[in-house]
Structure formats: structure tokens, C-alpha cells
């Protein structure tokens, strides 16, 4: 199990566009249309399966919200930060 990151480490390591909300890091991605967002969510889902670290995602009209936390550790770990970086690369 990964160790929890301190508040300072989260602030320093959170990738561009990601913000902390409680015990999660969160980013909302915007798209030109609904189906573009759905395709993005599908790509993130495939990536999550490959890495075996799954986000919570909410698909809206022209937006997809992605949230990472480590439920076993009870908060944000390096694995969450690494996945957020990989998701940024999908976009």
C-alpha cells in the first residue's frame, strides 16, 4: 500500500489543472461536444484498467470530472498523482 502524501507534498506534486478536494485530487475536462467527452472517459477507463488504479468519473454535457484517491490508504498517494499525470496525457 502507498503512503499518504502530506498536504505540502500534494500541493507540490499535483499535476497541472488538478485541485485537491478533501481526500481526492480532481480535474474537470471540457470538450466541444458530449461524445468527445464520452470517448475521453472511455480512454481513461482503459488506462485505469491497465494501471489497476480506477478513478471516479462523472460525465456531463461537454465535461468529464475525474477524481482520484486511494481508498485503502485513506487519501491521496503518489499513485493518484501518477494517474492524474497519465490522464493529462490522454487529453
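The values are calculated or read from the model by the stated rules, or taken from the named source; none is laboratory data. Please read these numbers as outputs of a predicted model, since none were measured by experiment. Note that we place each Cβ from the backbone using ideal geometry, even for glycine, and neighbour counts take in every protein chain shown.
Worth a mention:
- Within the stretch 49-85, considering residues that are over 16 Å from residue 24 (Cα atoms) and touching a helix residue (DSSP H, G or I) at 6+ places or on another chain (Cβ under 8 Å), the one surrounded by the fewest Cβ atoms within 10 Å (Cβ to Cβ): 61
- Residues of the stretch 53-80 that turn out to be at pLDDT below 95 and on the phi > 0 side of the Ramachandran plot, as a count: 1
- Residue match in the stretch 26-42 (condition: modelled with pLDDT of 95 or more, touching a helix residue (DSSP H, G or I) at 6+ places or on another chain (Cβ under 6 Å) and loosely packed, with under 14 Cβ neighbours inside 10 Å): no
- Scanning the stretch 42-91 for residues that are without any contact (Cβ under 8 Å) to a residue 24 or more places away in the chain, in contact with a strand residue (DSSP E or B) (Cβ under 9 Å, 6 or more places away or on another chain) and assigned to a helix (DSSP H, G or I) yields one hit, 45.
- Residue check for residue 12: at pLDDT 95 or above and surrounded by fewer than 12 Cβ atoms within 10 Å (Cβ to Cβ): yes
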